[in-house]
Amino acid sequence: MTRVEILQADITTLAVDAIVNAANERMLGGGGVDGAIHRAAGPELLAACRAVPEVAPGVRCPTGECRITPGFNLPAKWVIHTVGPVWDGGGYGEPELLASCYRGALELTRERGLSSIAFPAISCGVYGYPIDAAAAVVRATVGEFLARDDALQRVLLTAFDAQVLAALQAALGE
């Protein structure tokens with residue numbers, strides 16, 4: 001996958017068309033990547049997220065789905081918010097939901113005519129998804145998308161630490 005790069009980086013500093021936010025269903029900020037993105041983007045991001053209609057009480061973005069907002073003060077033009085699954089052993093549809101997060105974000109890039117996107121390790125922080133299992137989902141989902149889409153030029157998979165970096169590199173054969 002020559003259009004895929006794996007790096008250890010602060011996703012909020014990357015100059016790409018879109019970054020992906022590992023959000024919660026409320027889309028009102030939180031910890032980890034979500035909190036960092038909200039802090040870096042500025043208060044306009046919270047206002048834009050509040051403007052996203054709820055699809056159920058307190059839910060703007062259900063698990064496995066994506067929503068898009070401007071990036072405001074970020075180098076990225078857009079933020080694609082997605083809610084990954086909480087790991088509960090793998091027997092509750094977690095791999096399919098995680099794949100849906102990646103696929104949905106990639107499809108939004110195509111719909112918007114974007115050429116670059118950066119992903120964090122969705123669900124691998126406080127949601128407890130094992131990084132090796134998540135990396136296998138990423139490899140399959142991103143590889144499948146890129147095999148049928150020529151417009152997307154760069155997919156950055158960002159790691160927040162050396163363990164995540166190593167797992168992504170091993171899964172993608174780098």
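Coordinate-derived values only; no laboratory data. Just so it is clear, the model here is predicted, and its values are computed rather than measured. Neighbour counts run over all protein chains shown; Cβ positions are idealised from the backbone, glycine included.
Once you charge only the Cβ atoms, +1 for Lys and Arg and -1 for Asp and Glu, what is the size of the charge dipole of the chain about its Cα centre, to the nearest 20 debye?
Working: 13 positive and 19 negative charges, 83 e Å.
So the magnitude is around 400 debye.
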One would report the antiparallel percent of DSSP beta bridges in region 32-174, rounded to the nearest 5, as 60 percent
One point scatterer per Cα, no solvent, Debye formula: log10 I(q)/I(0) for region 4-171 at q = 0.08, 0.16 Å⁻¹ comes out as -0.20, -0.86
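Under a point-charge model restricted to the Cβ atoms of Lys and Arg (+1) and Asp and Glu (-1), what is the dipole moment magnitude of region 1-85 relative to its Cα centre, in debye to the nearest 20? Show your work: numbers first, answer last.
Values: 7 positive and 8 negative charges, 23 e Å.
With Lys and Arg at +1 and Asp and Glu at -1, about 120 debye.
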Rounded to the nearest Å, the spacing of the alpha-carbon centers of region 64-103 and region 121-174 is 12 Å
Residue-ordered couplings for region 52-65, obtained by feeding phi - 60° into the Karplus form 6.51 cos²θ - 1.76 cosθ + 1.60 and rounding to whole Hz (Gly and Pro as x), are 6, x, 6, 9, 7, x, x, 10, 9, 9, x, 3, x, 10
Of all trypsin sites (Lys or Arg not before Pro) in region 125-168, the ones in DSSP coil with at most 16 other Cβ atoms within 10 Å are R148
Once phi for every residue in region 125-135 is put through the Karplus expression 6.51 cos²θ - 1.76 cosθ + 1.60 (θ = phi - 60°), the whole-Hz ³J(HN,Hα) values, with Gly and Pro written as x, are x, 5, 7, x, 5, x, 4, 5, 5, 5, 4
